[in-house]
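Quick notes on the structure that follows.
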Amino acid sequence: MKLSFSVNGTPRTLDLDPRVTLLDALREHLQLTGSKKGCDHGQCGACTVIVGGRRINACLSLAMMHEGDEITTVEGLSGEGLSVLQQAFIEHDGFQCGYCTPGQLCSAQAMLDEVAEGWPSHVTEDLNAPAQLTQAELAERMSGNLCRCSCYPGINAAILQAAGTKAADPA
Amino acid sequence: MSVEMKIDGPEQAQGDQTGAQAVLGYAADRPEGGLKVTGAAPYAAEPCPANMAHGFLVRAPGLGKVRLTNLEVVQGMAGVLTVLRDDRMIRNAAQGTSEGAPVQGVDQAEYVGQPIALVVAESFEQARHAALALRVDTAGDDLVVNPQDAVAADDDIDETAQGDLESAFASSAHRIDQTYTTPSLISAAMEPHAALAEWDGDKLVLRASLQMLKYSRTEIADCVGIAPEDVRVLAPYVGGGFGSKLGICAEAVAAALAARQLGRPVRVVQHRRQVFEVNTRRSETTQRIRLCADMNGQLTGIGHQALVSNLPGEDFAEPVLQATHFAYAAPNRLLRREVLRLHRPAAGSVRAPGEAVGVTAFEIAMDELACAAGIDPVALRLRNIPRNDPESGLPFSSHRLAECLTDGSRRFGWSKRPTAPRQQREGEWWIGTGMAAAFRVNSMMEAEARVVLSAQGVRVETDMTDIGTASYAILGQIAAERLGHPLSRTEVILGDTDLPPSSGSGGSFGAASTGTAVWLACEELRRMLAGRMGCDAADLTLKDGYALCDNRRRAIADLLDGASVTGHGRVQPGEAGDKVRQATTGAHFAEVAVSDMTGEVRVRRLAGTYAAGRILNPRTARSQCHGGMTWGIGMALTEALIHDRRDGHVVNRDFEAFHLPVNADVPDLDVAFVEDRDDWLGPLRAKGLGELSICGAAAAVINAVHHACGVRVRDLPATPDRVLEGLV
């Protein structure tokens, strides 16, 4: 089946077996292997990509479902240099083996936007107040991304630093 | 040429040589960080050579003789190239450092989930579809799968005894006699086991996710039936291992055989649910622990009896008693381990084999003794630190447990703790604190490395792997320090068996072993540079690309005169292991909240203070400790592989049902290191660190649960149902 979508701002057209997941379309057919396959079950988050501004598990979604979509992968997070978030992950040692890292980064990027838009989470006390990025909110919102090396302290410190930088930056 | 060293004693520490560059021991960034945060680091399943075929392993759904009933149908399915069934395929992953093939064969399923065929097709989707369509029947043997149905053979029993435990126990002032159980556990690295095999004539190139390439090269050669020299293994990036990638794994052997048969590259990746059964698990344990002490809390007897299991034909036996041999002094001792032969997936090394479960149970028992004797748990441990190894009488190379306990308790605020349990309550939550000591044996393995110095800078080359353990960072830091170069001009090449054979990653020995080989390779280069400067190597200072001695200063590039020079280092364990007992130690402190309504446990604080030789990079060292401590939280509260009682199969073989800690389960973790100047380590003075922090961390949590709500959990993990049972 023929399919067209945009990945990291580049239009792509593929002719795929309908069984191909979005994750395998990226990894096997576009050689964008930054997105990782940790479970192929939607349980680990290593394959997290951003579709139309929302984070999803690319392994749980068939490529065919994304006709016309705008997809951002870890390869699309950096521009000229590393993004603030990527740099913060290095500074705070937010990874060890690095396998879950692309998913953590895509998830964190979209999560910060969710907070900025006022989306509540399971631990949000007041659904009418603006969402705050507290430690509890951050941990809750990032708990769909497993890290067996257990870099959660570094991941959280990196995200908080990047969020602070972002808030301070008028752009 | 080469600089070689055997670690025989303190003479090899060579004073306190570091260097002038001030990079070793500093919190340097991981040099491969940029590749990892942009998705550019290539893991095993990522190269995609032209004409590559995809393989998918087929599992045995039952035990006994295997029969395929629709093979011809599957062979005719779209895209299918072959259904490989080869006697050389392996039953389960090789044990670490085995150097030969593990048990092979596909006709008999010795455990449910054993790979019994490989379906290879043009695409991944075709291979998976065909593999799932293959009908596999098993029939026959009535194999033993439950510990209660097995008895250990004489060959599978180890016992050491000193004094008379029974008499000491009977006449003691304080005593406890309890049995603890820990379930099967799994490494569950985030990267599934994966391999890409390509043949160039009779030579095999294998890209795989493995920890110890030197050994795995020999293992796969033996499996396939070729010479090790005809195998090149590449593993520049490994997405976590934790023991599960120590030996060659099923997908690698199958990929190699299929690639040979088809004459094209074949990639095989284990599905996550296969990862949970075809590699190695940590054995379940049943541990009876008897402790007795005099009026003052001085231990008079230690009994530790452990039951573990493995498949027939496997040499590995969970070394549950490894730390009990030296952790605490007591004149009367009985240590006994029995291995039951069960047809569950193979057991093998998982992060800190032995101590992870052995120290955990023992440190819960110590807490029970402290309660029984009315002694503070920290004081009880301080009172029982042995002067020498309690069994062999050998001195310790260094022993910093007392400092870990006192510094750790001060950092944590232990003295504010009420003595009795069930004293603090916040709404529905009982609050409590607990502690446990940490012990882990320290060892060194043979390792080689090459260091090339040129006008461009320093390049380190070895087949060492970085499984998240910061090998890229620390090996570069060692070379930069010794050769006086900034890290920006230091490059580290790893994960290729064409490079000098290292220790590999495992058993916490990688940094000390391969790091020392790098140090020795640099030593050869330092001698060479000293010769060109006309001075003694000992008087030479190397810094920022310059050589200095006797008030003379020359650029190292000038001394090289356009050429590159190569140093080679090789370290071997020597007599040190026969002369001293060497270990790493630590102390864990935990604060938990336990819901009186649901039995749910939340860890509020967890702190670890560790003594582990020279800390090469405090930032990456701290991250490793975070990892171990978090594994401790998982072991205490959520992690358990559940075996079906009928056929032993792993019921919960994915992340939906096997609960490893997620972000919200982990509080702020406090990590501290005490200085541990151990002279029995060679010039690098480094010890293992990757495993110490899991040893006993779970016990601190379990002991805190008891302090919070009075419930003593002896069957791990402390799931809400088990805690609630004690609360009502």
Q. Relative contact order of chain B: what whole-number percent is it, with Cα pairs under 8 angstrom and at least 6 residues apart?
A. 18 percent
Q: Please list the non-local residues whose amide H lies under 5 Å from the amide H of B:Ala347, H modeled 1.01 Å from N, same-chain partners needing a gap of 5 or more.
A: B:Arg281, B:Leu311
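Work out the P(r) tail for the stretch B:291-366: percent of alpha carbon pairs separated by more than 18 Å, whole number. Could the numbers behind the result be given before it?
Details: 1273 of 2850 pairs.
Result for the distance tail: 45 percent.
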**Q.** Charge dipole (debye, nearest 20) of chain B; +1 at Cβ of Lys and Arg, -1 at Cβ of Asp and Glu
**A.** 1360 debye
Q.
Only four residue types carry charge here, +1 at the Cβ of Lys and Arg and -1 at the Cβ of Asp and Glu. Report the dipole size of the stretch A:2-76 about the Cα centre in Debye, rounded to the nearest 20.
A. 180 debye
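Give the Rg/Rh ratio for the stretch A:84-168, taking Rg as the radius of gyration of the Cα atoms and Rh as the Kirkwood radius, to two decimals.
Taking Rg over the Kirkwood Rh, I get 0.96.
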Q | Cα-centre dipole for the protein assembly as shown with unit charges at Cβ (Lys and Arg positive, Asp and Glu negative), debye to 20 | A | 720 debye
Q: Calculate one ³J(HN,Hα) per residue across the stretch B:122-130 by plugging θ = phi - 60° into the Karplus curve 6.51 cos²θ - 1.76 cosθ + 1.60, and present them in order as whole Hz with x for glycine and proline.
A: 5, 10, 4, 5, 5, 5, 5, 4, 5
(Q) Placing +1 on the Cβ of each Lys and Arg and -1 on the Cβ of each Asp and Glu in the stretch A:61-171, which of A:Cys106, A:Leu62, A:Leu127 has its Cα farthest towards the positive end of the resulting dipole? (A) A:Cys106
Q | Vicinal HN-Hα couplings computed from phi for the stretch B:499-512 (Karplus, 6.51 cos²θ - 1.76 cosθ + 1.60; Hz; Gly/Pro x) | A | 9, x, x, 9, 6, x, 9, x, x, 6, 9, x, 5, 5
Q: Report relative contact order for the stretch A:2-76 in percent, whole number only (criteria: Cα-Cα under 8 Å, sequence separation at least 6).
A: 40 percent
Q.
Using amide H atoms built in the peptide plane, which far-off residues or other-chain residues are under 5 Å from B:Ala109 H to H?
A. B:Gly64, B:Lys65, B:Val66
Q | Whole-number percent relative contact order across chain A, with pairs defined as alpha carbons under 8 Å at least 6 apart | A | 23 percent
**Q.** 20 °C / 1.002 mPa s Stokes-Einstein diffusion coefficient of the stretch B:105-245, Kirkwood radius on C-alpha pairs, µm²/s
**A.** 104 µm²/s
Q.
Straight-line reach only, C-alpha to C-alpha below 24 angstrom: list the lysines that B:Lys65 could link to, leaving out same-chain residues fewer than 8 apart.
A. none
Q. Ordered by residue, what ³J(HN,Hα) values in Hz, to whole numbers, does the stretch B:643-660 give under the Karplus form 6.51 cos²θ - 1.76 cosθ + 1.60, where θ = phi - 60° and Gly and Pro are x?
A. 9, 5, 6, 7, 10, x, 5, 6, 6, 9, 9, 7, 6, 6, 10, 9, 9, 8
Q | Largest to smallest principal axis extent of the C-alpha atoms in chain A, angstrom | A | 45, 37, 33
(Q) Where in chain A is the longest stretch that carries no GluC sites (Glu not before Pro) classed as loop by DSSP and with at most 11 other Cβ atoms within 10 Å? (A) A:1-66
Q: Hey, could you get me the Stokes-Einstein D for the stretch B:10-136, Kirkwood radius over alpha-carbon pairs, 37 °C and 0.692 mPa s, rounded to whole µm² s⁻¹?
A: 175 µm²/s
Q. Which three lengths, in whole Å and largest first, does chain B cover when its Cα atoms are put on their principal axes?
A. 81, 74, 50
Q) What's the Cα-based Rg to Rh of the stretch A:2-76, Rh via Kirkwood? A) 0.91
(Q) Quick check: the distance between the Cα centres of the stretch B:552-609 and the stretch A:1-34, to the nearest angstrom? (A) 42 Å
Q: For chain B, just give the cysteines left without a disulfide-compatible partner, judged by no other Cys Cβ under 4.7 Å.
A: B:Cys48, B:Cys223, B:Cys249, B:Cys292, B:Cys371, B:Cys404, B:Cys522, B:Cys625, B:Cys695, B:Cys709
Q: Beta carbons within 10 angstrom, averaged per residue: use that to sort the peptides B:59-65, B:154-160, B:253-259, highest first.
A: B:253-259, B:59-65, B:154-160
(Q) Given axes a ≥ b ≥ c from the Cα gyration tensor, I'd like to know whether the protein assembly as shown is rounded (a/c under 1.5), prolate (a/b larger than b/c) or oblate. (A) rounded
Q) Could you list log10 I(q)/I(0) for the stretch B:586-728 at q = 0.09 Å⁻¹, which the Debye formula gives when each Cα is one point scatterer? A) -0.33
Q. What are the residues whose amide H is under 5 Å from the amide H of B:Leu81, where those residues sit 5 or more places off or on another chain and H is modelled from the backbone?
A. B:Val120, B:Ala121, B:Glu122
Q) Quick one: which of A:Lys36/B:Lys245; B:Lys579/B:Lys687; B:Lys6/B:Lys245; B:Lys36/B:Lys687; B:Lys214/B:Lys245 span more than 21 angstrom between C-alpha atoms? A) B:Lys6/B:Lys245; B:Lys36/B:Lys687
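Bear in mind that the values in this text are calculations on the coordinates, not laboratory data. Computed from a predicted model, the values in this text were never measured in an experiment. Note: ideal-geometry Cβ built from the backbone for every residue, glycine included; neighbour counts use all protein chains shown.
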